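S.K.: The structure's right below; bear with me while I get my questions together.
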Amino acid sequence: MPEPDARARLTRHYRWLLLTYPRSYRRRRGAEIVTTLLDAAPVDRAWPTRAEVVDLLTGGLRFRFRVWGAAGIVGVICAATVTAVALGALGGYLGWQTAQPLPSNADALRMVEPALPPGTSAEPQRWDFIYDDNPEYTDPRWVYLIGGTDEYRAGKVFFQFTYPNDRPVRHLVDGAEQRMRAAGWRPAIMNLSGCCPESAVYRDGWLVEVFSEGALDGSHNGLQVAVSRTTPAAVLPLTTAGLLAGAAAGWLMAAWAFRRIQAATPTRRALTVVVAGVGLLALFPATALSALALVASYFAPHQPAEPAWIGYTFMLFRPLAYLGAAAVVGGLLITALPGHRHRRRVAG
């Protein structure tokens, strides 16, 4: 290969590697770095060395993640946390879309038969969705989509019974749990205290819950036996991938905005901080609730009490999340739009 072609090819490879650095840094230092590397390289070399590749890639990434000052560090940590929880919740949501369909009525009855109170019968009821607003609510759909709900439920096939309140409900729940375990089901939870004892067992991707519904009237209590899904295998890997990708993306986004506002006018800098800060604050309730659900999902995979995205469906938290996301995007747009730059005086 002729030397000019080798030199041009090496220059092109150096410039590709420099893409890991922010554009502003490349404009200031890119030509200098490429010239320095070319001067140190043999005239017939067409590829960067492994050490040069590693140094340029790690240096560029380190520069993109770099922030300074207490305010800058706090800001990027907040942004990284919010984005990590949001994408972790999205990963959990996508994982739940792989869940198996609910069993037929006949299959569900066979599953729960050991748990049914002896001598009783009931017609199954079905909630044929993965997670959704409580179907017993009669509000228009748009109310849930905009305002959220406090009754976000898992899909299930369930049986409801009534029994005289002179029979201790904990005995019914305990007996059902023992019969299910004898049939080969594994215990998930057991709580026989309080007004509404409950138990749950799982097997082969199914969760069977037996719990008291409390007093129905002065002389009768309610009991429910329900079949729902355990957490699909794809949920935790996708949740983890979302958390890691969200943390990195949130940090990079906030670090980019931080570098941009350093050169912006004081007015634009203050406007960006206020708008984005209000957005992060509005996102806090949904983020906090979903963060708790995310943590719980790693410790109780067989009984998903709440889905990871519950914070973004909860009443009032959902509209706040809409407003918060819009404000954060608005802050980024203010930062990204071209405008007057603040000229800093350099001493000396």
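S.K.: Sequence-distant or interchain residues sharing an amide H contact under 5 Å with residue 129, placed H: which?
M.R.: 155, 156
S.K.: Also, quick follow-up: Name the residue, out of 251, 68, 96, whose mean-square fluctuation peaks in a Gaussian network model built on the chain with Cα pairs under 10 Å.
M.R.: Of 251, 68, 96, the Gaussian network model singles out 68 as fluctuating most.
S.K.: Accessible area per residue for the stretch 116-214 in Å², computed with a 1.4 Å probe and the full protein assembly in place, what is it?
M.R.: Result: 54 Å² per residue.
S.K.: Select one label from [x] 23.0; [y] 24.7; [z] 21.5: the one whose number is Kirkwood radius over Cα pairs in Å as derived from the coordinates shown.
M.R.: For Kirkwood radius over Cα pairs in Å, the calculated option is [y].
S.K.: Additional query: How much of the accessible area of the chain, probe 1.4 Å, is carbon plus sulfur, in whole percent? Kindly include the intermediate steps, with their values, before the conclusion.
M.R.: Values: 12120 of 19220 Å².
Ligands and nucleic acids excluded, carbon and sulfur give 63 percent.
S.K.: Suppose all protein chains stay in the model; what accessible area per residue would a 1.4 Å probe give for the stretch 261-321, in Å²?
M.R.: Working: 3020 Å² over 61 residues.
Heavy-atom SASA per residue in the stretch 261-321 reads 49 Å².
S.K.: What percent antiparallel are the DSSP beta bridges of the chain, to the nearest 5?
M.R.: On the way: 35 of 36 bridges.
Around 95 percent antiparallel, to the nearest 5.
S.K.: Per residue, what accessible area does the stretch 8-102 have, given a 1.4 Å probe and all protein chains present, in Å²?
M.R.: 58 Å²
S.K.: Another question, then. Cut-off 10 angstrom, C-alpha nodes, Gaussian network model of the chain. Which of 321, 51, 80 fluctuates the most?
M.R.: Result for the chain, Cα springs under 10 Å: 51 fluctuates most.
S.K.: Pick from 52, 213, 198: which is most flexible by mean-square fluctuation in a GNM of the chain where alpha carbon atoms under 10 Å apart are linked?
M.R.: Per the Cα network of the chain with a 10 Å cutoff, 52 tops the list.
S.K.: Something else now. Using every Cα-Cα pair within the stretch 133-228, state what percent have a distance larger than 15 Å.
M.R.: Numbers: 2989 of 4560 pairs.
Looking at the stretch 133-228, the distances longer than 15 Å represent 66 percent of pairs.
S.K.: Would you kindly work out the equivalent ellipsoid of the stretch 193-348 from its C-alpha gyration tensor and give its semi-axes, the square roots of five times the eigenvalues, largest first in whole Å?
M.R.: Values: eigenvalues 465, 70, 22 Å².
Rounded to whole Å, the semi-axes are 48, 19, 10.
S.K.: For the stretch 188-194, what does the Karplus curve 6.51 cos²θ - 1.76 cosθ + 1.60, with θ = phi - 60°, yield as ³J(HN,Hα) per residue in whole Hz, taken in order and with x for Gly and Pro?
M.R.: 10, 9, 8, 9, 9, 8, x
S.K.: Something else: Compare the Cα positions of 200, 144, 165 along the charge dipole of the stretch 131-220 (+1 at Cβ of Lys, Arg; -1 at Cβ of Asp, Glu; about the Cα centre) and return the one farthest towards the positive end.
M.R.: Going by the Cα projections, it comes out as 200.
The values are calculated or read from the model by the stated rules, or taken from the named source; none is laboratory data. Predicted, not measured: the structure shown is a model, and the values here were computed from it. So basically every Cβ, Gly included, is an ideal-geometry build from the backbone, and we count neighbours across all protein chains shown. Please note that ligands, DNA and RNA were not included when accessible areas were found on the heavy atoms of the full protein model with its side chains. Shrake-Rupley method; radii C 1.70, N 1.55, O 1.52, S 1.80 Å.
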